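To keep things clear, I will list the structure first and then write my remarks on it.
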């Protein structure tokens, strides 16, 4: 029997969200097919890969350390990250601001953001908060001000602080807002609804629906993304038509598969390779399940995933 | 003088001053001379927002004045008053901009126009209501002390205070700290400075509200609904001030004044109040502003972590025990005018006067009022008391209504915990968690034994009875709407509960009243309204609207649902059901197992085995998850004949539901002691034939019904 292709057509469409300015700007979303289903219809904006750096400087992972060698500041790292093979955007994590960690003052972090903004120019920037809701209230307001005009994406608007982050990033300074929820379609939807009600343009919202390392309850992530993309396309649910961005690196590098040293686990092989593996597996699965952008940190993972996207779209 | 004349005259005067200033400036600098306020991209923002035109030079100022002239109708209609009020503010803005031609005219403490950067900094907390509102205070208060007290009262609530005129000098005299950073913003002396406050409102609407410049209707609507501002104007009033006030009222900003003579009052908009100490309350109320309460003001720690804390007899300072001595907790709905917010009163002795280790009575009457408050929420609030009071370190609380027991530890007592702090806890938590429906809350703590007894019998009991009556009178037929509940979709993605008065959520935790309250408190949350529209089959409880709702909220996984059948499109189950019932074919009925029951059932399956058949949001005809309380409901599988189908349940469960079950059986079928006809594990835990023999002996009605399958 001959193969008879029946493209799955949807009347609905994922919103297109632009990050950055000018030629270097990237667009997320815009398609009306399931993830990577190029055989059903066109995907004009291929999924994008972001490179994460933090205000805490270069991490102690040989491949990462080697790549950023010679960088004297976070701004230098940002510049270098933007030049990484396969990179589409840079992600600056301000986790040094967490009161339970380094607790860096807001002014210091904002100064770093300003330097990074100056170093990157029009190049697309995504900023992640400290991870602490209360600190982020103050921090992300100031960060939004520092990013005015860059069309950056400010992540970490959660149910507890979406008003402040949404109002500052989305309303006051005209940036994109990353709505962060914890692997639950209804929470993701509710956050989109209330952020939109606040007055933020739905076409300026990107969802971070949460993530897990592969093997750590990752099935929930797949099923949540699946359901979100299905609701967005087959049911034309415009409260779920925002593109999805997924921070992969944080979870991938914080599980025992990537952290246990080679001395402790000789049969597992070099730690770095395992971390890269966790990153690549997670990112590949996220893209297949519905992410429009993934955030990674190892140059090798970035290059690999970029290549995968290129081959598929 | 009539209000019309005052406003029209004031408008004319402001206009004349602006015209004169513009003409003088043109004579001096020429028409092309650029004008503007410092560091703003919105030109003359009030004018820009109203008209969509940016004024950038003196020529455009003149054209602007010509336009404003057309907005000054003089018919004696309210509409003319409003238009003239806005025209006054716009003229004032043009007058102000002429002052800026030779640089910033405001020196010293006064700050004049606000920059865009300041506005954005202010806008974020304004939009999220961290700054509850903006107070514009005009002219000098009757005394310096009153000026200081009023400003301090607003400031301590987190409000942003703008000052125009004499009050600035009064605060200066009192060495009061002013400035943008402390949220007390002195604008300037002349009433035309009020234009800078209007400019702030206009820019907030354009920046944060996406209001298109020139969209008059949208602007007015935004101000009315979103921008929370009011005006306090001290007498003696003058025409120009009143004309500006008319503009404020047009935008929905109430004006409160202590000038009792000059103007007539307008309910909710122009309020006359001689006592300045009442300005704060009156202003907030007029603009419908609720101040967020987040702190629980008690001398011991407060956190959910203390909820499970047990206070042993030896550690306890004093005990209140409702099972021995009359005690109760009660929420009552009142009118807004009847109660005073944050009034906490203790009637009777303080804790110091009780003997250590003694057993006493206590009563809390919490009176709440709010435009959206409904008496149906009272039990919902009351049920939270347990968790709240337990949250205080060193306090233990069990039970509810008039069966409460509270212990206060010696440590908590020594730290200063007293009876009034119960009031503080209840006040703060009610205002914090239920701010969507509670505008005012007042708490009375009774420790006087005679009063506790009297109130328990006269007030509390009556309320509880009335509430129970309401609950039992609530039927699926006499309410207009049901509610969805998708709280558990996190782990059961396609499950949707439809909660009705006679069928609570299958978890047993969400009644129709809970769902209703959840919907009011969180309109975008898990509980949404389902109307009863498009009847398909009354007996099954099938409606088009229910089908649409489950289709929508299950993301397309479910197509149809019935409310009262376990055979035809039964409601799905998540995994958190209290009970499961399944068909027992041999006796033509159903057997029910509750989660706590560990044994076997006549269906040949244990509870976990039944659960695997029933959960996961899948429709399995013949099986149904449900709450314990549903067992006594007249709607329990009503389509298949109702509760007379129940042939078996564990003894423990039967004891819990027997009273309601018997009452329902009596009412529906005239059967006495129906529970005794139902088999349990003492009859058989696994043998359908033994069960059948038992049912036959008891004359169980299920045996005579039509076959289920």
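General observations
- The spacing between the stretch B:157-199 and the stretch B:3-62, judged by their C-alpha centroids, is 23 Å.
- Antiparallel DSSP beta bridges within the stretch B:116-286, as percent of all bridges there, nearest 5: 10 percent
- Across chain B, C-alpha contacts under 8 Å between residues 6 or more apart give a mean separation that, scaled by the residue count, equals a relative contact order of 8 percent.
- Rounded to the nearest 10 degrees, the inclination of helix B:378-390 to the longest alpha-carbon principal axis of chain B is 90 degrees.
- Folded to 0 to 90 degrees: helix B:144-156 orientation relative to chain B principal axis, Cα: 40 degrees
- The value of relative contact order for the stretch B:598-695, using C-alpha pairs under 8 Å at least six residues apart, is 29 percent.
- Cα-projected label distance for residue B:609 with residue B:177, points at 7 Å along beta-carbon direction, nm: 7.3 nm
- Peptide B:120-129 has a mean of 6 when you count, residue by residue, the C-beta atoms of other protein chains within 10 Å of its C-beta.
- Between residue B:77 and residue A:310, the simple spin-label model (points 7 angstrom out along Cα→Cβ) gives 7.0 nm.
- Compared with the dominant Cα axis of chain B, that is its longest principal axis, helix B:512-521 is turned about 20°.
- Candidates A:52, A:279, A:83: whichever shows maximal mean-square fluctuation once chain A is modelled as a Gaussian network with Cα springs under 10 Å: A:83
- Modelled FRET efficiency - R0 56 Å, residue B:544 with residue B:261, Cβ distances, 0.05 increments: 0.35
- Approximate spin-label separation residue B:560-residue B:398, in nm, with each point projected 7 Å along Cα-to-Cβ: 5.0 nm
- Paired Rg and Dmax values of the stretch B:304-465, which use every Cα atom, in angstrom: 14.9, 46
- Where only DSSP H runs of four or more residues are counted, chain A gives -11500 deg cm²/dmol as its mean residue ellipticity at 222 nm, each run worth -39500 (n - 2.57).
- Spread of Cα-to-Cα distances over 10 Å intervals beginning at zero, given as percent, for chain A: 6, 28, 37, 22, 6, 1, 0
- As a proxy for reagent exposure, ranking A:268, A:253, B:648 by other Cβ atoms within 10 Å from fewest up yields A:268, A:253, B:648.
- Between the alpha-carbon centres of the stretch B:210-224 and the stretch A:196-220 there is a gap of 32 Å.
- Taking every alpha-carbon pair under 8 Å whose residues sit at least 6 apart, chain A reaches a relative contact order of 21 percent.
- Centre separation in Å (Cα based) which lies between the stretch B:440-470 and the stretch B:518-569: 38 Å
- Pairwise FRET efficiency - residue B:145 versus residue B:371, Cβ, R0 = 22 Å, nearest 0.05: 0.05
The numbers here are math on the coordinates, done by the rules we state, and not lab data. Since we're looking at a predicted model, the values are computed, not measured. Positions of Cβ are generated from backbone atoms using ideal geometry, with glycine treated the same way; all protein chains shown enter the neighbour counts.
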